Number of protein chains: 2
Amino acid sequence: MNDTFDLQRRQLLLGSAGAVASAGLFGFSPLSLAAEMPLPDYVNWKNPAALIVHSANTLETRREAIGTSIVTSNEQLFVRNNLPAPDPAIVADPDAWTVAFQGVKNPRSMTLGELKNLGVETVACVLQCSGNGRAFFPHGASGTPWTVGAAGCVFWSGVPVSAVVDALGGIGDGLEYMTSTGGETLPAGIEPKDLLVERSVPLRALEHAILAWELNGEPLSLAHGGPLRLVVPGYYGVNNIKYVKQVAFTAAQTDAKIQASGYRIRPVGQGGAPDQPSMWEMSVKSWITQPLHQAKAGRVRIQGVAFGGARAVQGVEVSLDAGKNWQMARFVGPDLGPFAWRPFVLIAELKPGRYTLASRAIDAQGAVQPEERLDNERGYGHNGWQDHAVSLVVV
Amino acid sequence: MNDTFDLQRRQLLLGSAGAVASAGLFGFSPLSLAAEMPLPDYVNWKNPAALIVHSANTLETRREAIGTSIVTSNEQLFVRNNLPAPDPAIVADPDAWTVAFQGVKNPRSMTLGELKNLGVETVACVLQCSGNGRAFFPHGASGTPWTVGAAGCVFWSGVPVSAVVDALGGIGDGLEYMTSTGGETLPAGIEPKDLLVERSVPLRALEHAILAWELNGEPLSLAHGGPLRLVVPGYYGVNNIKYVKQVAFTAAQTDAKIQASGYRIRPVGQGGAPDQPSMWEMSVKSWITQPLHQAKAGRVRIQGVAFGGARAVQGVEVSLDAGKNWQMARFVGPDLGPFAWRPFVLIAELKPGRYTLASRAIDAQGAVQPEERLDNERGYGHNGWQDHAVSLVVV
């Protein structure tokens, strides 16, 4: 939780630089003080006022930039690339992009042009980095210190992977994983398996997976994995392979480092290994996006987003007193399906004073967002509501 | 309908300029040949490859730029302003914007900051200019020659007007219209009523109307009516008052020219008058967005968008032979509610030859999109499927 008084003092010290950074549209945030880096060239079309630039490959959406109209615009959506983006030439002629399909009865390569005529589906889903919330782990987990903004809710359009599988004769016998490979150029002189972006997900993920060429109504950009990205609704971001060049059905998980030892939940101080839980399905989660620091006494609009992860979200509660008492918030806008988030709003009558605002979501099977984080070496999968709470001063 | 062979010849003549304009993302379109104007400054953040610039105040989304992921991004959304946009200063401090409410029991002005704490709703709806399709009228209706791109489907967030009315004691007795006024600066020396953007809609529109401050997850930009716009779901664009500065409940419609004689359906050659139908509720409509000119023989993905207007759309049919035979297309993606459009897809096996592709939508009450346009002086409300058909060459 933020120390609001400290933040106000720092904001005053920051002066006009902070005002310019927020372009008058958003309030300030603690991270905005640290990060005033310009947008990297390949994402220079994004909205700088809505983003925190951690590095050229890691851009976070500001907490206060997420509104109530459900979709996260392409200009506000976070970016997290494991490797530098490939040459922009690959999105100049998207239909020529080829993907190899293996582990099917009739394996072959297909162009994106061919895939587009196999079938089309559109899905709204939360895209969230495994490390979203890492900044809240007290042990200093290595990696980008995301708070809540390595997440967004977007529309993807593409061909269902199941339709491709059907066209290629079905999956080979005894195969248990869908193993997909990204088209990044690997630097020379380093063992490829150490860097290769190749992830395996269990076959149950096939039901909703699509190969997507469109994001929020626009051709998929290079920054977000264009011309073609594997989208696995309900799964953490790393499984959504950018510039996907191979989809293979396999008996075992890949031995690429990103799968074998990376993206595993393990005790603090312990190394990664294949027998630890992999970052696959996401869990129920919510957070408040406004207000974050200060509000005027009277009617105060408390808003945020909630999602179930791999299941629908059924409700979300808000507490004004750090979790002692809870009341149901109201979802606003249409339900975009089980993998999307839902904006929520609670309008409260608040007197002057200090409040600790928290939110707690419940998924369709009754799983409740936990109070505590699960400490783990790499700071993955944080959905504890306590660390996501907001310290509010009402004046 | 386009003459595809002529177009191909013109594209060849255009050479690399056309290739640059489409940025490799979209095919060519007839209008792209005529309009290569740069984006005006106030919308320089939009995607030039997706837009046709008719004038500084009129920008059309290219037909082929509309995909299947439902939302039209802010960067692709059309612009139609009746007057130049006000000073950008009005969006620098949005919460200070004030709106006067009249014709309620307790009339007063409220700031946007106050309105935001009254309530929040999010609605997905088609925003469409009354003159969308005007280019298809053979009598040369005056006004921007829109084909299909003066329309988009977007998310708005804001306070329900009904919640404001409740907070102000309810509507005065005997009042039948909601009359709203835009905040444009009127040029000196011209009768204000001739230029004032002030529109009246019947009270039944109150049920769904919101005062919106957010568009597709971002604070509402000046170009689209920020900081605050009246949104009347299911109604033509002109009723969605930008920079709204007054909402009044009135016994009669305003006598501003834009209402009294403008935006009226009237016979060709006849002047406008208050007894003619006003451009209020939209009608059932659809159009194909791809393919527009040429396709390879084999499986061909035919896609488009369909909506019911003021009612939900229940289905859409596609014809490959200029309307002699029809088959049902499939909607893709989640249903965003009665005022949104639905992308549709039909994958057809096509042999080489010439085809005339048409689409025909049906609304929730069974009203079918008509074959013919209704000729009228200003070229409003065109929803005839014949003029929206596409001439396709399969090779």
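Straight Cα distances below 20 angstrom link A:Lys193 to the aspartates and glutamates A:Glu184, A:Asp255, A:Asp275, with same-chain residues fewer than 8 positions distant left out.
What number, in percent, do you get for the relative contact order of chain A if the mean sequence gap of Cα pairs under 8 Å and at least 6 apart is divided by its residue count? List each step's numbers first, then the result.
On the way: 987 pairs, mean separation 64.5, N = 395.
So the answer I get is 16 percent.
Using a 7 Å projection from Cα along Cα-to-Cβ, the label point at A:Thr356 is separated from the same position in the remaining copies by 7.1 nm, smallest value first. As a ratio to 2.2 N^0.38 Å, the alpha-carbon radius of gyration for the range B:133-200 is 1.65. In sequence order, the range B:241-251 has phi-based couplings of 5, 6, 6, 5, 10, 8, 10, 10, 8, 10, 7 Hz under the Karplus curve 6.51 cos²θ - 1.76 cosθ + 1.60, θ = phi - 60°, and Gly or Pro positions carry x. Excluding ligands, DNA and RNA and using a 1.4 Å probe, chains A and B jointly bury around 3400 Å² of accessible surface, summed across both partners. For B:Gly315, the residues whose modelled amide H falls within less than 5 Å of its own, excluding neighbours fewer than 5 places apart on the same chain, are B:Ile362.
Against the criterion of solvent-accessible heavy-atom surface with a 1.4 angstrom probe, A:Trp97, B:Trp156 sort, most first, into A:Trp97, B:Trp156. Of interest is the spacing of the C-alpha centroids, which for the range B:91-158 and the range A:83-125 amounts to 38 Å. Surface calculation, 1.4 Å probe, protein heavy atoms: B:Met37 sits at approximately 100 Å² accessible.
Phi-derived couplings, Karplus 6.51 cos²θ - 1.76 cosθ + 1.60 at θ = phi - 60°, listed residue by residue for the range B:223-235: 4, 10, x, x, x, 8, 10, 6, 10, 10, x, x, 9 Hz, with x used for Gly and Pro.
When Cβ neighbours within 10 Å are restricted to other protein chains, what is their mean count per residue of peptide A:330-336?
Details: counts 3, 1, 6, 10, 9, 4, 7.
For this peptide, the per-residue mean of nearby foreign Cβ atoms is 6.
Treating only the Cα positions of the range B:285-394 as identical point scatterers, give the base-10 log of I(q)/I(0) from the Debye formula at each q in 0.14, 0.17, 0.18, 0.22 Å⁻¹. With no solvent term, the Cα-only Debye profile gives -0.54, -0.77, -0.85, -1.16. Can you tell which of B:Ala306, B:Ala135, B:Ala96 shows the greatest fluctuation in a Gaussian network model of chain B with Cα springs below 10 Å? Result for chain B, Cα springs under 10 Å: B:Ala96 fluctuates most.
Note on the protein assembly as shown: helix-only mean residue ellipticity at 222 nm, from DSSP H runs of 4+ residues weighted -39500 (n - 2.57) and normalised by residue number, equals -2500 deg cm²/dmol.
When a/c reaches 1.5 or more, the comparison of a/b and b/c decides; with that in mind, is chain B rounded, prolate or oblate per its Cα gyration tensor? Prolate.
For the residues A:Tyr380, B:Tyr177, a 1.4 Å probe over the protein chains yields an accessible-area ranking, largest first, of B:Tyr177, A:Tyr380. When the C-alpha to C-alpha distance is required to be over 28 Å, the pairs from A:Lys242/B:Lys242; A:Lys245/B:Lys46; B:Lys285/B:Lys324 that qualify are A:Lys242/B:Lys242; A:Lys245/B:Lys46. Sorted from shortest to longest, the distances between the B:Ala92 label points of this copy and the other copies are 4.2 nm, with each point 7 Å from Cα along the line through the beta carbon. Per residue of peptide A:73-85, the mean number of Cβ atoms on other chains within 10 Å of the residue Cβ is 2. Write down Rg/Rh for the range A:41-261, rounded to two decimals, with Rg from the C-alpha atoms and Rh from the Kirkwood relation over Cα pairs. We get a ratio of 0.96 for the range A:41-261.
Across peptide A:239-245, how many C-beta atoms of other chains are within 10 Å of each residue C-beta, on average?
Details: counts 0, 0, 0, 0, 0, 0, 0.
Averaged over the peptide's residues, the number is 0.
Here the 3J(HN,Hα) profile of the range A:148-154, calculated from phi with Karplus coefficients 6.51, -1.76 and 1.60 at θ = phi - 60°, is 10, x, 8, 7, x, 10, 9 Hz, Gly and Pro shown as x. Surface calculation, 1.4 Å probe, protein heavy atoms: B:Thr289 sits at approximately 0 Å² accessible. Count Lys and Arg as plus one, Asp and Glu as minus one, and take only other residues whose Cβ is under 14 Å from that of A:Leu175; the net charge is then 0. Between copies, the label points at A:Asp321 (set 7 angstrom from Cα along Cα-to-Cβ) are spaced 7.4 nm, reported in nanometres from shortest to longest.
The values are calculated or read from the model by the stated rules, or taken from the named source; none is laboratory data. Everything numeric here is computed off the predicted structure, so don't read it as measured data. Neighbour counts are summed over all protein chains in view; Cβ atoms, including those assigned to glycine, are modelled from backbone coordinates with ideal geometry. Each accessible area value is taken on the protein alone, full model and side chains, heavy atoms only, with ligands, DNA and RNA left out. Shrake-Rupley method; radii C 1.70, N 1.55, O 1.52, S 1.80 Å.
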